[in-house]
1. From the residues in the range 7-16 that are in a loop (DSSP other than H, G, I, E, B) and not basic (Lys, Arg), which one is nearest to the chain's Cα centre (by Cα)?
2. Within the range 490-504, which residues are under 30 Å from ILE54 (Cβ atoms) and exposed (fewer than 14 other Cβ atoms within 10 Å of the Cβ)?
3. So which residues in the range 490-516 are over 21 Å from the mean Cα position of the chain (by Cα), within 23 Å of ALA437 (Cα to Cα) and part of a strand (DSSP E or B)?
4. Which of the residues that make up the range 40-49 are within 18 Å of ALA151 (Cα to Cα) and touching a Ser or Thr at 6+ places or on another chain (Cβ under 9 Å)?
5. Can you tell me which residue is surrounded by the fewest Cβ atoms within 10 Å (Cβ to Cβ) among those in the range 65-93 that are in contact with a strand residue (DSSP E or B) (Cβ under 9 Å, 6 or more places away or on another chain) and of a type in the set (S, T, N, Q)?
6. When only residues in the range 248-289 that are in a helix (DSSP H, G or I) and not aliphatic (A, V, I, L, M) count, which is nearest to PRO317 (Cα to Cα)?
7. If ALA507 meets every condition in (1) modelled with pLDDT of 95 or more; (2) crowded, with 19+ Cβ neighbours inside 10 Å; (3) touching a Lys or Arg at 6+ places or on another chain (Cβ under 9 Å) apart from one, which number is that one?
Amino acid sequence: MRSYHLPGRSPVIARQAMAATSHPAATLVAIETLKRGGNAIDAAIAAVALLCVIEPAMTGIGGDCFALLHKPGSGPGTGLIALNGSGIAPRAATPEWYATAGITQIQVTTPHAVTVPGAIDAWATLLADHGTMTFADVLAPAIEAAEGGFAVAPRVAHDWAGLVDKLALHAGARRHLLIDGRAPRLGETVRFPALASTLKTIAREGRDGFYTGAVAADIVAELTSLGGLHTLADFGAQKAHYVAPISVPYGGARLHELPPNNQGIVALILLRMLDVLDVRAAGALSAERYHLMMECARLAYAARDAFLADPLHVDVPVAHMLSDGFIADLVRRIDRKKRTADLGPVPKPAGTDTTYLTVVDKAGMAVSFINSLFSGFGSGIVTQQSGVVLQNRGTGFTLDPAHPNVIAPGKRPMHTLVPALATRHDKPWLSFGVMGAAFQPIGHVYLMTNMLDYGMDVQQAIDHPRMFFEGGVVQVEQPLQGAITDRLASLGHTMALRDDPWGGGQAIEIDTTRGVLIGGSDPRKDGCALGY
C-alpha cells in the first residue's frame, strides 16, 4: 500500500465493470457505453474513436490496431481471441522499385512511410463479431468532439507543441493541426470539422465508408501527389485477421501476446530470460535488476530485429525464439557484474509513441486494445479534404532484399503495437498494455515483474520508475537518478536522463477470489481508470 503522505494514485476498485484509458474523457465514454448496455468491445471502440480526436498525436483513424480479448463462455468464439489489424504495403511497393528510385531507407515524413491504415477495418471486424452496437452508436462521442470541439489536455498540449516543425512540412497538417503556425495550447478548444465529416461517413457506411468511395479516394490522391504508390485497390484489399496468441508462464501466471508481425514475442523472450536469471532475487529498485533487464533486452530486441516479419509472407521461427536452447544461449552471454560490450549474434534456427486502453464488462469480457499512428502524428501527412492523419508504419520495413522484413506488395511490417493479457489458471487475470513504440514489450515485463516478483498493486506497478535504451544509451526517468544510475555507469552502461518519461500504461486486474476489478492508470499520461 502506498504512503498517503506522498503524492500518488490509489488503485481503482469496482465490482461490475471498469475502463482505463490515457484520457479522462475517453474513460468516461467507455463507462457510459457500458452503462447504456454496450459490452467491452463497444466501449473500447467508442473510447478509442474519441481518443483519435482528442489525443491526435498518439492515435487516429489513419493508424493501425491490435486487440486481445477474453470472451467468457465455453462454445465457439469464446476464450482468448487475438486480432491483427495492421496495414499492408501497396502492391507496387517492391524493394526493386525503391532501389531504382535511389531510396535506401524509408523516411518518416514521406508517403512511403504510410501503409494502408488497418484500424477502421479492425474496428468493423470486432464490432461485427463480438460487439453489440453499430458504428453510428460507438462513433457518436468522437463525432461530437470533432464537430463541437474539445479542450486540449496537459499531456496532449505538451506532445503537440513538440511536433510543430513536423506538422509544418505538409499542407494538410498545417491546415488541420496548427493554429496560425502554432500548436493549440493547454485548455484551448479545438475542432476538426473535416474529420467529423469523415467519421459521419464511417458511421453511415461502415468499413466501406473508409476503404472505398470519397474518403479512400482523397487519401490515395494525397499520397500519390507526394509520390506514393498507393491505389484504391490497395485500400480495398485491407483486411484484419484473427491469429493464435503466443504465451509463456511466469510467476504463477501466463503472459499472452500477439504473434509476429507483432513484437509481443520480445516480452516473452525477456520474461523467460529473467526467469532463468532469477531477477526476483534482486530488489525492485536495485541496480542489479535494471542491469539484468537492460542486458536481456539488448538480446531480445536483437532477436526481434533479426527474425520478425509478416508470417503470411515469410517463415518466422517463433518456436525457435521461445525454445529452451535459444533462451539458454542468450542467458549464458550475460555477465551479472558488468555490461558486455558485444553480446554476439542471436542464434539462428536450424534450416530456415501510441494509445492503449482496456475495458472489462459486467459479463466478464476483458479487452486489451491498442491503436496508434506510430510516431507523433505518424507521417505528419494529413489529407486536405477528409482530415485523416496518416501513420508511418512503413518505416518498420527494411529495404534489404535479403532480410525477412523487407518491404513487399501486400506485406505487413514488423509492428511495435502490443496489447497484453495475462491469465491465471486459464482465467483472465490482468488486461494491460504499456505505450511507447519499441519500449512496449519491456514495459509489459516491468508491469509483470513488479506485480509478481515484488508484490506491487496494479497502480504501484505502473508508477514504478523505468529505464530503457535508445542506441547505446540507457535513458532513465528522473526518480532513478543518483545511486542507481551511478552504479549502472560503473558496470559499463552509458546513462542519460530522458526528457519525457517512458511510455504510459493502463491495466485492469481481475480478482476472481474477491469478485472485484482493480484498475490502474499511468500518471505519465492524462488518463484515469474508472469503474462501477
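The values are calculated or read from the model by the stated rules, or taken from the named source; none is laboratory data. What you see is a predicted model; the values in this text were computed from it and never measured. Cβ coordinates were reconstructed from backbone atoms using ideal geometry, including for glycine residues, and neighbour counts include every protein chain displayed.
1. Filtering first and then ranking leaves PRO11.
2. The answer is LEU497, ASP499.
3. Scanning the range 490-516 gives THR494, MET495, ALA496, LEU497.
4. ALA47, VAL48
5. Across the range 65-93, the extreme among qualifying residues is THR78.
6. GLY264
7. Among (1) modelled with pLDDT of 95 or more; (2) crowded, with 19+ Cβ neighbours inside 10 Å; (3) touching a Lys or Arg at 6+ places or on another chain (Cβ under 9 Å), the lone unmet condition for ALA507 is (3).
Here's the yes/no breakdown for (1) crowded, with 24+ Cβ neighbours inside 10 Å; (2) at negative phi:
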site	(1), (2)
GLY8	no, no
VAL12	no, yes
LEU51	yes, yes
GLY63	yes, yes
